[in-house]
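Notes follow the structure.
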Amino acid sequence: ANEKNVYTTVSGEWTNYFWDFTGDPAIYDVITFLFGYGPNNDAGPNSTYFFDDIQLIADTTTLGIESISKINGLHSFPNPAKNDITIISDNGNIENVAVYDIIGNKVAGLFPGTNHTTIDVTNLLSGVYLAHVVVGSETNIVRFIVE
């Protein structure tokens, strides 16, 4: 097995952690989180951990907060967004887009019927949003940030 350590330094807010498994054997397909490991971590009864959007990305060379993200044939940009976000599908027409805030409230819904759509985010509060995008029989999730 291969061990990758990341120590939590943020309390009371969301943060991103990344592990690079480049060059590691492909036979290990399990991630295990250990809490309270090490002298500075607290996994006591008053600790709470939330996880969202755990993804395995095979090639991270083109991904970044400033770049176009490509997930299962979907492109979305800009990220973070101020006025609008555009989603483009390489795999067919986008039938339905449902946008949810981070706690699961639906904040927008679209039925574009084309291979692209633009979502107006000017009325959304700053934060992280999830767009459930239906193309054919597949539903993919695009995560984006509104500034």
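The values are calculated or read from the model by the stated rules, or taken from the named source; none is laboratory data. The shown structure was predicted, so the numbers you read here are calculated from the model rather than taken from an experiment. We place every Cβ from the backbone using ideal geometry, glycine too, and count neighbours over all the protein chains shown. For the accessible areas, the whole protein counts, side chains as well, though only heavy atoms, and no ligand, DNA or RNA atoms are used. Shrake-Rupley method; radii C 1.70, N 1.55, O 1.52, S 1.80 Å.
Looking at (1) closer than 18 Å to Phe77 by Cα; (2) touching a Gly at 6+ places or on another chain (Cβ under 9 Å), which is the one condition that is false for Gly136?
Failing condition for Gly136: (1).
Could you tell me whether any residue of the range 119-126 is modelled with pLDDT of 90 or more, in contact with a Ser or Thr (Cβ under 7 Å, 6 or more places away or on another chain) and not acidic (Asp, Glu)? Step through it out loud before you land on a result.
The first filter runs over the range 119-126 and keeps only residues modelled with pLDDT of 90 or more, leaving 119-126.
With in contact with a Ser or Thr (Cβ under 7 Å, 6 or more places away or on another chain) added as a condition, the list becomes none.
Checked the range 119-126: no residue is modelled with pLDDT of 90 or more, in contact with a Ser or Thr (Cβ under 7 Å, 6 or more places away or on another chain) and not acidic (Asp, Glu).
Just need a number here: residues in the range 87-121 that are crowded, with 16+ Cβ neighbours inside 10 Å and not in a strand (DSSP E or B).
Count: 2.
State which residue pairs qualify: first residue at positive phi and inside the range 76-101, second residue surrounded by fewer than 17 Cβ atoms within 10 Å (Cβ to Cβ) in any location, beta carbons under 8 Å apart, and separation of 6 or more residues or different chains.
Gly92/Asn115; Gly92/Gly136
Quick one: is Val30 closer than 16 Å to Val146 by Cβ and either open to solvent by 100 Å² or more (accessible area, probe 1.4 Å) or at pLDDT 65 or above (or both)? Talk me through it step by step, then tell me what you get.
Working: closer than 16 Å to Val146 by Cβ: no; either open to solvent by 100 Å² or more (accessible area, probe 1.4 Å) or at pLDDT 65 or above (or both): yes.
Here the answer is no, as Val30 does not meet what is asked.
Every residue in the range 122-147 that is among the hydrophobic types (A, V, I, L, M, F, W, C) and in a strand (DSSP E or B), please. Don't jump to the end; show me each part of the working.
Pass one, the range 122-147, residues among the hydrophobic types (A, V, I, L, M, F, W, C): 124-125, 128, 130-131, 133-135, 141-142, 144-146.
Selection gives Val128, Leu130, Ala131, Val133, Val134, Val135, Ile141, Val142, Phe144, Ile145, Val146.
Which of the residues that make up the range 135-147 are surrounded by 16 or more Cβ atoms within 10 Å (Cβ to Cβ) and over 19 Å from Glu13 (Cβ atoms)?
Passing the criteria: Val135, Asn140, Val142.
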